[in-house]
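Each remark here refers to the structure printed beneath this line.
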Amino acid sequence: MTPIVIKTIQFFLSLSLLIVLHELGHFIPAKLFKTRVEKFYLFFDVKFSLFKKKIGETVYGIGWLPLGGYVKISGMIDESMDKEQMKEEPKPWEFRSKPAWQRLIIMLGGVTVNFVLAVVIFIGLVFTYGEEYIANDSLKDGIWVTEKSLGDELGVQTGDKILSIDGKKIEALQQVLPEMVYGEKYTIERDGQVIEKEIPVDFIETLSEDKEKARFIYYRVPFYVNSVPDTSHNKGVDLRPMDEFLSINGKQAIYRDQVMDELEKNKGRDIDILVRRKNGKEEHVTAKVNSKGKLGLVTAPVTMKDLQEKGYLKVKTLEYSFWESIPAGWNKGVKTLSDYIKGMKKIFNPDTGAYKEVGGFAAIGGMFPDTWNWPAFWATTAFISIILAFMNILPIPALDGGHVMFLLYEMVTGRKPSDKFLEYAQMIGFFILIALLLFANGNDLYKWLFK
């Protein structure tokens with residue numbers, strides 16, 4: 001199967017699971033409170049259904065329009081806009097006849113299930129696989145900024161040590177960029193000095209302009225020789241497999257970034273290279289840099305194990321017992337939700353340009369791996385579940401959060417909004433959602449056509 005087919009299958013599998021469980025979050029408390037549920041649908045059944053079967057008082061089905069799903073609860077003003085039913089006298093089994101606290105629990109059920117599901121997935125992932133990360137404070141000589149323009153925009157340089165972001169110590173190198181995206185300020189150590197810097201308000205927009213270069217902060221990689229090809233202008237030079245560069249013309253050149261800088265400065269010249277042989281002996285070698293700033297040799301791949309053994313960094317793996325995985329999964333769920341809320345705040349600030357990154361179905365589908373990778377699939381599903389929980393609790397009529405907002409108003413004031421008001425609110429909310437849907441998927445289309 002092609003990568004696009006694999007992504008599409010994972011997308012629909014994940015979406016179907018999340019929708020069914022979300023609606024089950026409404027269905028179960030509704031049944032517990034003896035409220036009639038007329039329909040339980042995966043996807044929308046506009047005009048017709050792909051499948052439907054009535055069991056008891058509920059019709060279970062699959063619609064053809066994959067924009068979500070729903071449960072139709074008797075006596076509730078929802079997306080069905082069943083005005084005829086609402087004109088009749090309330091029945092004991094209807095939603096509108098139940099106490100406000102029961103209606104509130106029914107409406108909060110979906111988002112609760114979405115968040116709990118994400119936490120359960122995170123618990124399973126950390127228990128099964130643990131968490132492997134590069135310890136940020138173990139980087140011997142700081143970070144490698146692979147895209148200078150992005151580094152300049154942010155204010156970081158190769159060799160900097162990232163100490164904290166928004167006052168929080170960064171444990172894992174993999175955390176640096178995600179925390180930068182959501183953060184406001186950071187602290188680095190540069191040449192022995194501790195410096196605090198502001199994160200540009202539009203940094204997220206800068207990253208989005210070139211996604212291929214967006215991951216521009218790495219660990220520094222030492223320069224090892226693999227071979228000198230027969231076609232190289234340095235053929236015959238005494239450079240051997242696993243020779244380790246130490247300096248060029250007396251200047252430190254241990255890392256690839258340092259070697260590239262020195263070669264760029266010495267285009268067309270002979271250079272003196274100090275290397276450490278595989279046996280540990282240090283020797284000088286003379287080689288020529290061509291007009292393109294290249295030595296014409298093949299570099300050796302360096303594994304994490306090599307880097308650890310030589311003290312360049314440390315890879316840590318946190319392993320959890322079942323009981324330890326529960327708070328770890330919970331914390332991961334809370335952290336994911338917190339980061340997403342920070343991201344949403346940036347979206348509503350036009351100065352950040354983050355609104356340009358709002359995506360629809362294509363963007364969500366693109367989050368899945370292009371090969372069958374179950375840990376990645378479940379991690380992505382957990383993240384989307386968090387998104388669904390947050391989006392559904394927004395106080396927009398037609399969403400769960402809109403119903404919750406009106407129920408809280410009723411519980412505080414003792415006055416229930418009229419059915420006519422709720423009908424109008426539902427229509428307004430529906431148009432807001434359509435606008436958001438068009439905007440998000442329009443962004444996807446624009447990126448596909450012009451980027």
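For the range 235-326, averaging the sequence separation of C-alpha pairs within contact (under 8 Å, six or more residues apart) and dividing by the residue count gives a relative contact order of 23 percent.
What accessible area per residue comes out for the range 118-267, rounded to a whole number of Å², with a 1.4 Å probe? Display every interim value, and only then the final one.
Details: 7530 Å² over 150 residues.
Per-residue accessible area for the range 118-267 comes out at 50 Å².
Grouping the Cα pair distances of the range 160-232 into 10 Å bins from zero gives a pair-distance distribution of 16, 40, 24, 11, 8, 0 percent in increasing distance order. The phi torsions of the range 166-175, fed into the Karplus equation with coefficients 6.51, -1.76 and 1.60 and a -60° offset, translate into couplings of 6, x, 9, 5, 9, 7, 10, 4, 5, 7 Hz, rounded to whole numbers, with Gly and Pro shown as x. Overall, the range 2-73 carries a charge dipole of about 200 debye about its Cα centre when +1 sits on the Cβ of Lys and Arg and -1 on the Cβ of Asp and Glu, all other atoms neutral.
Indicate the gyration tensor shape class of the range 118-180 (rounded, prolate or oblate), computed on the Cα atoms with a ≥ b ≥ c the square roots of the eigenvalues: a/c under 1.5 is rounded; otherwise a/b larger than b/c is prolate and the rest oblate. In terms of gyration-tensor shape, prolate. Rounded to 0.05, the FRET efficiency of the ASN226 and MET344 pair, given R0 = 60 Å and the Cβ-Cβ distance, is 0.80. Dimensions of the chain based on its C-alpha atoms, expressed as ranges along the principal axes with the largest first, amount to 95, 49, 47 Å. Note on the chain: with neighbouring protein chains present and a 1.4 Å probe, carbon and sulfur make up 60 percent of its accessible heavy-atom surface. Placing a label point 7 Å from the Cα of LYS294 along the Cα-to-Cβ direction, the residues of the range 242-271 whose backbone N falls under 14 Å from that point are 264, 268.
To the nearest 0.05, how large is the calculated FRET efficiency for LYS91 and TRP448 if R₀ is 45 Å and r is the Cβ-Cβ distance?
0.35
The Rg/Rh ratio for the range 367-451, using Cα coordinates for both the radius of gyration and the Kirkwood hydrodynamic radius, is 1.15. Screening the chain for whole DSSP H helices of 18 Å or more along their axis (Cα) with average Kyte-Doolittle hydropathy at least -1.0 returns 3-32, 100-129, 322-347, 374-392, 400-413, 419-450. Accessible surface area normalised per residue over the range 1-75 is 52 Å², counting heavy atoms of protein chains with a 1.4 Å rolling probe. Estimated at the nearest 10 Å², the accessible area of SER138 is 20 Å² with a 1.4 Å probe. Computed over the chain, relative contact order equals 17 percent, with contacts defined as Cα pairs under 8 Å that lie 6+ residues apart.
The values are calculated or read from the model by the stated rules, or taken from the named source; none is laboratory data. These numbers come from a predicted model, not from an experiment. For neighbour counting, all protein chains shown are included, and Cβ atoms are generated from backbone atoms with ideal geometry for every residue, glycine included. Accessible surface is based on the protein model in full, side chains and every heavy atom, while ligands, DNA and RNA are left aside. Shrake-Rupley method; radii C 1.70, N 1.55, O 1.52, S 1.80 Å.
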